[in-house]
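Step one of this worksheet: look at the structure below.
The values are calculated or read from the model by the stated rules, or taken from the named source; none is laboratory data. Note that the structure is predicted; figures quoted are calculated from it, not measured. FYI the Cβ positions are ideal-geometry reconstructions off the backbone, even for glycines, and counts take in every protein chain you see.
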Amino acid sequence: MRPFVENFPFFCIFLAILAGVLSAVIPKGRIAYQMTLCVSGIIAVLSALVLDYVFRNDLSFTYTMGRFIAPYGNAIKCGPLQALLAMAFSAVVAMSLMGGRRDLFHDVLPEKQRFYFTMVNLLEAGLLSLVYTNDVFTGYVFIEISTITACALVMAKDTGTNLIATIRYLFMSLLGSSLFLVGLTFLNSITGYLLMPSLSEAVQKVAASGEYQVPLTVAVGLIMAGLGIKSAMFPFHLWLPDAHGGATTASSAILSGLVLKGYIVLMMTLMIRVFTLDLMVEMGVTNVILIFGLLGMVFGSLGAIREYHVKRMLAYSSVAQIGYIFMGLGLGTTAGVVASCFHILVHACCKPLLFCCAGRLSAVSGHHRSLKNLRGSAYRDVGAGIGFTVGALSMIGIPLFGGFVSKLYFASASLPTNQTALTLFTIALSTVLNALYYVPALLAIWLKPSAEDEAAVLADATPDQLSFDRSFTTAATILTLAIFVLGIFYHPITSVIEAGVRLI
Amino acid sequence: MLETVLQNRFAVTAVILFGIGFTNLLLQQNLLKKVVGFNIMDSAVFLLLASLGYIEGGIAPIVGDRGFDPLYINPIPSGLVLTGIVVSVSITAFSLALIQRIYRHYGTIELRELLERAKKEED
Amino acid sequence: MNNSSEKQNWRKRIVSWVDGDREPKDQTLFVMERRQPRFPRPSEEEREKREKSHLKKFFNWYPIAATIICVSLIGILMAAALSMPTFGQADNPINNEVSEHYLEHGEEETGSANAVTAMILSYRGFDTLGESCVLFLAVVSVMMLLLRDEKNTDEHDLQKMRSEDIIAEEHHDIILKQAARFLVPCIFLFAIYVLLNGETSPGGGFSGGTILGAGLILFSSAYGPGNMRMILTYETYSAVRTFGLVLYITLYGAYIFIGANNLPNYLEGMTLLIDLAVGLVVACTVYGFYAMFARGEI
């Protein structure tokens, strides 16, 4: 008889799936919204309990899905890292929904709102499963679930440009998941296993014997490329600005903050648990990831500098931040992976905050999006202004904010490797570039425009858009606090992550 | 070389099919043809998977009263193919619905024209 | 005097930089200089031309890059395919103890003689649950797109649909109707047979459900949506679909809970029920696709 707390990861996944199925028959969108918030809250609490249990006992456990032990039946595996990520992800889903609540009910037709919440709940289930899975094929199925739900979140706004952005996103994702599936097929053909522990043993055996060297290399390459495409690794990021920039606020926040991370977490799990970092370094995979990560950091920022549409600017900035995460993985050391995990958390708090604040700022400016029309909007909703400022400063990497700590960890992780100079230089360059687009945006929202400009902008805003938005302010406050917590009390969190990576 | 090709004929066919599908998905401008390309690509993967499980002289893995004497094929790839097909059907339906809506909205499904129109709309 | 005008100038410059209107002259902001000046606003035509040339550039290099990617990918895959384990050999790495276990102990452990059914419903049931969710999601997303609402339907579409209905009512399609009268019951019977025999023969929830859905489609197209609504309204449709999936999720959840905690097995004949639930979900999905694409309503 196992401890009851070990059932919680499985409860979380099933709760999210059940909530998703039930929201499709709830007639009122608002009720579905409240249910989704409740479910996310419950999942966060359950994950916190699991985190407490695994961290205190310093263990990670495998939970068989059914009676059959590995390698015969499905299983999920939970350690400190998985529990932490599950907690953060579900909390951020709730925060994003709260932050984008008004835009959400404004953008999505009333009779389709319940379907939107179905998608959100199942997306959460998909993300949780990607974090927890101990089976590569389960990983594939839940990748597809995440793909469909993410596309549906983009298209929920239902304008022409949205539909086009969705179909581009969908085709790109399909490419990614097909490559992943082919890679999986090759891997399965030379090892014969799907569960990660046995797969790992078989892969080590194949790598040592050298018999199927070519299929193994191809399989690893395809799996990494597939997941890379789906998480907008640098050369494959072209779909992202349209998809994330054009969606409704809550969708943009969830997509940018979480969905990309889900695939990265799976990639990380595969790299460490199945292929092991040593083999990855030996095969040169880490170097490739490192190079693409560094390129992404620079080119994502350059793309953002050229944008004047605030949400698209934030979307490009996501490309750069994803580059940071890949850089950490590409270093090929445990310290690099820890830094990446920390950055996943930081970005999962910052980006939803920035998107929600940008959505709110554009709502108080009559739904204008270009920075020019947002001038002085911070005074119309001070909470959104402060939230945007905190998020932007954290992205730039000012001390006391979360982003600084992750940059610190990236820098110190790069010291013992061979690519120290290159990595440090790119971090510095990227910081400067980040500042170059966030500072003008900050100045734009805090500088008072001339009276006639302001009047012209305000003419498009209705009084109820300008009124105080309670749920947004709550969400923004919580996310802002989270950024400070990550920036100041980071030590306990990194020790959890270190334990998690050790026990992955 | 030729012998290897003949031995692994299903894998080779699958790779060729996959290439056709992949090229279609990337190079076609017509959204509908892209979907067709994607379907070809997925069929190739299923062919590859299904051929992995075959054992020469094996029969369908329904054990029943026949006991364990006859040689059965490997049931795992068959199950995986089933899952893959379902996923592929769902995604095809989703993309076709999207294309239908796009056609109703813009009157065209050529990606190039659509991108031009979308750019114009955005300004 | 001079100083204050200088100050004014600076202020102006910063303001214009913030707006992204004009390039700053400051060398430290070199990157900003690459931004297109947006004031005075280029005329509509100029903008359009610029956008077009951007797109043109994209469409010029895109095919070349795509071709290179395709050719190299095919090459890589071919190399992998040629060095894969030989086709059809019993001692390939994929034929290991897992598949043997499924064949040998499948029947006693799960109660189904068909090893594939045993695998997808019991051993790797979580994947199958995910798969059912994918189906459910596909219907929901198709509904999000095509279920008639103010955004995707106008008066013209409704008019067209009504006139089509009238034509269909006036012109009786005798062959279709008579054939459907014989075929629909047979199809339903066959679907139920396949559904119930998934454990011992090829078939099961997915195949049976698809056949059931096909029967519904035939009925709907032969007798028209009006008659279809007498047996299946939107409410019953979503109720059945939700019931099927919720039944599946709760049963399978209980199954996992019992299995993982090593409780005594209370769910002996569960496979059959799960098969039925899956069948319902699949049938609803198949019919839902048809109805959404054909009319935008159930």
Check the stretch A:259-274 and report whether any residue there is basic (K, R), modelled with pLDDT of 90 or more and surrounded by fewer than 24 Cβ atoms within 10 Å (Cβ to Cβ). yes
Might you let me know whether the stretch A:316-338 holds any residue that is away from chain C (no Cβ under 14 Å), closer than 18 Å to A:M267 by Cα and aromatic (F, W, Y)? yes
When you scan the stretch B:26-122 for helices (runs of 4 or more DSSP H) that lie fully inside it, which ones turn up with 2 or more residues that are within 7 Å of another protein chain (Cβ to nearest Cβ) and touching a strand residue (DSSP E or B) at 6+ places or on another chain (Cβ under 6 Å)? none
Considering each residue of the stretch A:375-392, count those that are under 14 Å from A:A435 (Cβ atoms) and surrounded by fewer than 23 Cβ atoms within 10 Å (Cβ to Cβ), and give that number. 1
Going by the conditions given, is C:G209 crowded, with 19+ Cβ neighbours inside 10 Å, out of contact with any Phe, Trp or Tyr (no Cβ under 9 Å at 6 or more places or on another chain), away from chain A (no Cβ under 14 Å) and closer than 27 Å to A:F10 by Cα? no
Among residues of the stretch A:4-29 being more than 10 Å from chain C (Cβ to nearest Cβ) and without any contact (Cβ under 8 Å) to a residue 60 or more places away in the chain, the residue surrounded by the fewest Cβ atoms within 10 Å (Cβ to Cβ) is A:V5
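The rows are residues; the columns are (1) surrounded by 19 or more Cβ atoms within 10 Å (Cβ to Cβ); (2) at pLDDT 90 or above; (3) in contact with a helix residue (DSSP H, G or I) (Cβ under 8 Å, 6 or more places away or on another chain); (4) closer than 19 Å to A:T64 by Cα.
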| position | (1), (2), (3), (4) |
| --- | --- |
| C:R229 | no, no, no, no |
| C:T242 | no, yes, yes, no |
| C:I256 | yes, no, yes, yes |
| C:V281 | yes, yes, yes, no |
Out of (1) surrounded by fewer than 24 Cβ atoms within 10 Å (Cβ to Cβ); (2) over 23 Å from the mean Cα position of the chain (by Cα); (3) at pLDDT 90 or above, the one A:A70 does not meet is (3)
Given the structure, is A:Y193 in contact (Cβ under 8 Å) with a residue 24 or more places away in the chain, within 23 Å of B:A50 (Cβ to Cβ) and not in a helix (DSSP H, G or I)? yes
Looking only at the stretch A:30-57, how many residues end up being more than 25 Å from the chain's Cα centre (by Cα) and over 18 Å from A:M87 (Cβ atoms)? 2
Report yes if some residue within the stretch A:209-220 is of a type outside the set (S, T, N, Q), part of a helix (DSSP H, G or I) and in contact with an Asp or Glu (Cβ under 9 Å, 6 or more places away or on another chain); otherwise report no. no
Of these, A:L127, A:L104, A:L175, A:L179, which one is surrounded by fewer than 24 Cβ atoms within 10 Å (Cβ to Cβ), in a helix (DSSP H, G or I) and assigned by TED's automatic domain parsing to the domain that holds A:I223? A:L175
Within the stretch A:130-187, tally of residues that are facing another protein chain (nearest Cβ under 7 Å), out of contact with any Ser or Thr (no Cβ under 9 Å at 6 or more places or on another chain) and not aliphatic (A, V, I, L, M): 7
Do we find that C:G75 is over 30 Å from C:M270 (Cβ atoms), more than 7 Å from every other protein chain (Cβ to nearest Cβ) and among the small types (G, A, S) in this structure? yes
Quick check: is even one residue across the stretch A:253-267 of a type in the set (V, I, T) and more than 26 Å from A:G500 (Cα to Cα)? no
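Restricting to the stretch A:406-429, name every residue that is of a type in the set (V, I, T) and assigned to a loop (DSSP other than H, G, I, E, B). Break it down into steps so the answer makes sense when it comes.
At the first step, the residues of the stretch A:406-429 found to be of a type in the set (V, I, T) are A:417, A:420, A:423, A:426-427.
Within the stretch A:406-429, just A:T417 meets the criteria.
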Counting only residues that are away from chain C (no Cβ under 12 Å) and surrounded by fewer than 19 Cβ atoms within 10 Å (Cβ to Cβ), the stretch A:197-224 contains a total of 3
So C:Y252 fits all but one of (1) within 14 Å of chain A (Cβ to nearest Cβ); (2) surrounded by 22 or more Cβ atoms within 10 Å (Cβ to Cβ); (3) out of contact with any Leu (no Cβ under 6 Å at 6 or more places or on another chain); what number is the exception? (3)
Enumeration of residues in the stretch A:486-504 that are out of contact with any Pro (no Cβ under 6 Å at 6 or more places or on another chain) and touching a residue at least 40 places away in the same chain (Cβ under 8 Å): A:L486, A:G487, A:I488, A:Y490, A:I493, A:T494, A:I497, A:E498, A:V501, A:R502, A:L503, A:I504
What do you reckon, is B:V12 under 12 Å from the mean Cα position of the chain (by Cα), facing another protein chain (nearest Cβ under 7 Å) and among the β-branched types (V, I, T)? no
Within the stretch A:368-389, work out how many residues are more than 11 Å from every other protein chain (Cβ to nearest Cβ), in contact (Cβ under 8 Å) with a residue 60 or more places away in the chain and assigned to a helix (DSSP H, G or I). 9
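Determine, yes or no, whether C:I258 is in contact (Cβ under 8 Å) with a residue 40 or more places away in the chain, within 13 Å of another protein chain (Cβ to nearest Cβ), more than 30 Å from C:F182 (Cα to Cα) and outside any loop (DSSP other than H, G, I, E, B). Don't jump to the end; show me each part of the working.
Values: in contact (Cβ under 8 Å) with a residue 40 or more places away in the chain: no; within 13 Å of another protein chain (Cβ to nearest Cβ): yes; more than 30 Å from C:F182 (Cα to Cα): yes; outside any loop (DSSP other than H, G, I, E, B): yes.
In short, no.
Out of all the residues in the stretch C:112-158, which are surrounded by fewer than 18 Cβ atoms within 10 Å (Cβ to Cβ) and either over 25 Å from B:R104 (Cα atoms) or more than 7 Å from chain B (Cβ to nearest Cβ) (or both)?
Passing the criteria: C:R148, C:D149, C:E150, C:K151, C:T153, C:D154, C:E155, C:H156, C:D157, C:L158.
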Find all pairs meeting these conditions: Cβ atoms under 6 angstrom apart; at least six residues apart or on different chains; first residue within the stretch C:109-133 and without any contact (Cβ under 8 Å) to a residue 12 or more places away in the chain; second residue not in a helix (DSSP H, G or I). C:R124/A:N74
Which members of the stretch A:18-29 meet the condition of being under 21 Å from the mean Cα position of the chain (by Cα) and over 23 Å from A:L109 (Cα atoms)? none
Taking C:V98, is it of a type in the set (V, I, T) and more than 9 Å from chain B (Cβ to nearest Cβ)? no
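Condition first: within 14 Å of chain C (Cβ to nearest Cβ), outside any helix (DSSP H, G or I), surrounded by fewer than 24 Cβ atoms within 10 Å (Cβ to Cβ) and not polar (S, T, N, Q). Can you find one or more residues in the stretch A:299-307 that meet it?
Yes - at least one qualifying residue is present in the stretch A:299-307.
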Restricting the stretch B:19-49 to residues that are farther than 22 Å from B:I76 by Cα and among the aromatic types (F, W, Y), the one surrounded by the fewest Cβ atoms within 10 Å (Cβ to Cβ) turns out to be B:F38
